[in-house]
Amino acid sequence: MHKIEGISASEGIAIAKAYKIVEPDLSFKDHPASDKDKEIGRLHEALTASIEELTTIKANIVDNLGEKEGLVFQSHIQMLSDPEFISSIEQLILDKNFCAEKALDVTSNNFIHLFKSNVTNVWMKAQIRERTSDVIDIKRRVLGHLLNIKLPDLSLVDKPVIVVAKDITPSDIAQLNGKYVKGIVAEFGAQTSHSSIMARTLKLPMILRAKDAIKEIRNDDELIVDGLSGTIVINPTRLQVIDYHQRIKAFNVEMKKLQGFKEKLTTTEDNRHVSVEANIGNDNDLKSVTDSSAEGIGLYRTEFLFLGQNHIPSEQEQFESYRKAVFHMKGRPIVFRTLDIGNDKQINGLKLTNEPNPALGIRGLRLSLGSEELFRTQLRALIRASSYGEISIIFPMVSTIDEYRRARSIYDEERAAMKKDGQNMGTVNLGVMIEVPSAALLADEFAKEVDVVSVGTNDLVQYLMAADRMDGKVAGLYQQLNPAVIRTLKYIVDSFHTEGKSVSICGELASMRIAIPLLIGLGVDSFSMNSESILKVRKLISKIDSKYAKKIVDQIVRNAATSDDVVKQLNNFLDKI
Ligand code: PEP
Ligand code: MG
């Protein structure tokens, strides 16, 4: 038995065997083929084994995710059976005396080179990128078989596991099979990263910054992942397992008790109504919105429809997803955010150029304004969905008023053109996310121009504090409760209230226990969060006197100098309720 401490990124407790996803070393020793027939035989064995493996993976993916998602594996199978590809490898073995590994390596590189030299336009570029990564993928698989090294592959998992990785990306999570993956441990990552946000939505216990997890944990070790405390127990004793089963029971009882807060409006102790809403990423999350009795969808992160797919969803596909959400909400508010790609979120077919500072580069609305067709397609899909119920659309990563005006005029153009074509459409409120300091300082100006606003504290904090939200090394400076953040929030809320407009917060701060009295005291009107937190937050709000919270917050704004000062005052407040 041995323990590792990390930080909890998603609550809950899981017990299962470890499944490590670590990229194995596939380097090989280059040696001349002493027996060419034998080398060709090895090649064919590896090709056959790879095709069999891909057939299983494809079947699992189709079962779990759908026919469309399996297509990429079908194309890998086809490539591995391609006579031109196979004969090129064989030829190198026969003519140049290469070993099978080298012949495969050289042939794959030649294919990639050939693809690239045929690029004549931008559209082809995107296709070539996909085909290139397909070739790299199949080479990796066949090499694995030639070298007798097993590649990690989550889609081959057929029993409950806890995934152990160095790092975990949003695309990794998008492809996880929830039936078997019970928890996640990673050596890197941060609580406000999109991977963490997704794990919370999926109710998957997750621990990050688990030092040396890859070294300390072996495949098939039994693990307890305690997402409440951030502890990982490796090969626990029998008594520990019994103890943790008790804790799982207690956790479930606690969750059950919260059900009493379902179907209730959220009101403070002194009867001020605030709205508690859900953040979602795609239509699979709609069930959790109803289960948690969210009062609306405060943030629909539309980019998650694009993640984990091998193509960019068409206008029709997007429209169907958006309409589904509008139907599901039956008149309750729903706020769609346009694509926020870039930084830690990449989508296939739209690979961004490498930037020295991706968080400060082309992401969010910057990308949409630079890829107008993509933006217009999404806006048309959303406008069509509005004919089934009122919606709001907000733009992410807005720095200037000009950007908002440009986005709005593109929206106006699309709407006018659709109207001319006789397209049905309903009310759409337009607005921004405030998550860049320049937009925060211009809150008074934005308040005059937009219909709706949502404050993205995850990014706002990283840009205000100049501390990357994903970089563990500066986690100490990523202070969500720094007085600088609080003063900025106050300015935003006051500016919008002056214009008679309400303010929503959709960053992770909105579900943090310690931040709830603060946000109530600041006068925030709507809290949007992962569905899992909704009932807990509703319960906490019901115990808060908003006038008293305002008094404390006024003191904090006037006197607090450090994050610790704020934490102390808020903890004092919470201790008394
Ligand atoms: C935010 O920045 O707070 C936010 C809600 O957006 P995201 O986490 O998707 O960047
Ligand atoms: Mg953001």
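Dividing the convex hull volume of the alpha-carbon atoms in the range 272-575 by its residue count gives 129 Å³ per residue.
What is the helix-to-structure angle for 36-64, meaning the angle in degrees between its Cα long axis and the longest Cα principal axis of the chain, kept from 0 to 90 and rounded to the nearest 10? Helix 36-64 sits roughly 30 degrees off the main axis of the chain.
Calculate, for the range 211-267, the solvent-accessible area per residue in square angstrom, rolling a 1.4 angstrom probe over the heavy atoms of the protein chains. Kindly include the intermediate steps, with their values, before the conclusion.
Values: 3530 Å² over 57 residues.
Value returned for the range 211-267: 62 Å² of accessible area per residue.
Counting only Cα atoms, the size of the range 420-480 along its three principal axes is 55, 25, 15 Å, in decreasing order.
Per the Kirkwood formula on distinct C-alpha pairs, the Rh of the range 244-364 is how many angstrom? Intermediate values should be presented prior to the final figure.
Details: mean 1/r = 0.0585 Å⁻¹.
About 17.1 Å for the range 244-364.
Spin-label pair L369-N109: with each label point 7 Å from Cα along the Cα-Cβ axis, the two points sit 4.3 nm from one another. The label-point distance for H273 and K159, in a model that sets each label 7 Å from Cα toward Cβ, rounds to 5.3 nm. Helix 67-80 versus the longest principal axis of the chain: what is the Cα-based angle in degrees, 0 to 90, to the nearest 10? Value to nearest ten degrees: 30.
Once both labels are positioned 7 Å from their Cα atoms along Cα-to-Cβ, the gap between S314 and E355 label points is 3.1 nm. Counting only Cα atoms, the range 143-285 measures 68, 39, 27 Å along its principal axes, largest extent leading.
Any idea which of S8, L43, S27 is furthest toward the positive side of the dipole for the range 1-71, if Lys and Arg beta-carbons carry +1 and Asp and Glu beta-carbons -1? About the Cα centre, the residue reaching furthest to the positive side is S8. Across the range 140-212, how large is the tail of the calculated P(r) beyond 19 Å, expressed as a percent of all Cα pairs? Counting every Cα pair in the range 140-212, those more than 19 Å apart make up 38 percent. With Cα atoms as the point set, the radius of gyration and Dmax of the range 317-405 evaluate to 14.3, 44 Å. Computed from the Cβ-Cβ distance with R0 of 56 Å, the FRET efficiency linking T498 to I242 stands at 0.45. As a size descriptor, the averaged projected area of the C-alpha convex hull of the chain was calculated at 28.6 nm². Just the number, please: percent antiparallel of the DSSP beta bridges in the chain, rounded to the nearest 5. For the chain, the DSSP antiparallel bridge percentage is about 35. Translational diffusion of the range 463-535, estimated by Stokes-Einstein from the Kirkwood radius over alpha carbon pairs at 4 °C in a medium of 1.567 mPa s, is 98 µm² per second. Note the angle between two axes, namely the Cα long axis of helix 83-96 and the longest principal axis of the Cα atoms of the chain, as a number of degrees from 0 to 90, rounded to the nearest 10. Tilt of helix 83-96: around 50 degrees.
FRET efficiency for the pair Q423 and K264, taken as 1/(1 + (r/R0)^6) with r the Cβ-Cβ distance and R0 = 35 Å, rounds to 0.35.
If each DSSP helix of 4+ residues adds -39,500 (n - 2.57) and the sum is divided by the residues in the chain, what number results at 222 nm, nearest 500 deg cm²/dmol? Walk me through the intermediate numbers first.
Details: 22 runs with 277 residues, N = 577.
Mean residue ellipticity, 222 nm, calculated: -15000 deg cm²/dmol.
Hey, quick one: spin label on H328, modelled 7 Å out along Cα-Cβ, who in the range 495-534 has an amide N within reach, i.e. under 14 Å? So the set is 530-532. This model, with +1 at the C-beta of Lys and Arg and -1 at the C-beta of Asp and Glu, gives the chain a dipole about its Cα centre of some 1480 debye.
For a protection proxy built on the mean count of beta-carbon atoms within 10 angstrom, sort 75-88, 438-451 highest first, please.
438-451, 75-88
You can think of it this way: the chain between S387 and K257 has 42.9 nm of extra reach, that is 0.36 nm per residue less the Cα-Cα gap.
Leaving out ligands, DNA and RNA, and with a 1.4 Å probe, what % of the accessible surface on the chain is carbon or sulfur?
Roughly 51 percent of what the probe reaches on the chain is carbon or sulfur.
Look at the alpha carbon pairs under 8 Å that are at least 6 residues apart: their mean separation over the length of the range 272-575 gives a relative contact order of 18 percent.
How much length is gained on full extension from S542 to I136, taking 0.36 nm per residue of separation minus their Cα-Cα distance?
Between S542 and I136, full extension yields 140.7 nm more.
The values are calculated or read from the model by the stated rules, or taken from the named source; none is laboratory data. Note that the coordinates shown come from a computational prediction; the quantities given were computed from them, not determined experimentally. Reconstructed Cβ throughout: ideal geometry from the backbone, glycine too, with neighbour counts over all protein chains shown. SASA here: full protein model, heavy atoms, side chains in, ligands and nucleic acids out. Shrake-Rupley method; radii C 1.70, N 1.55, O 1.52, S 1.80 Å.
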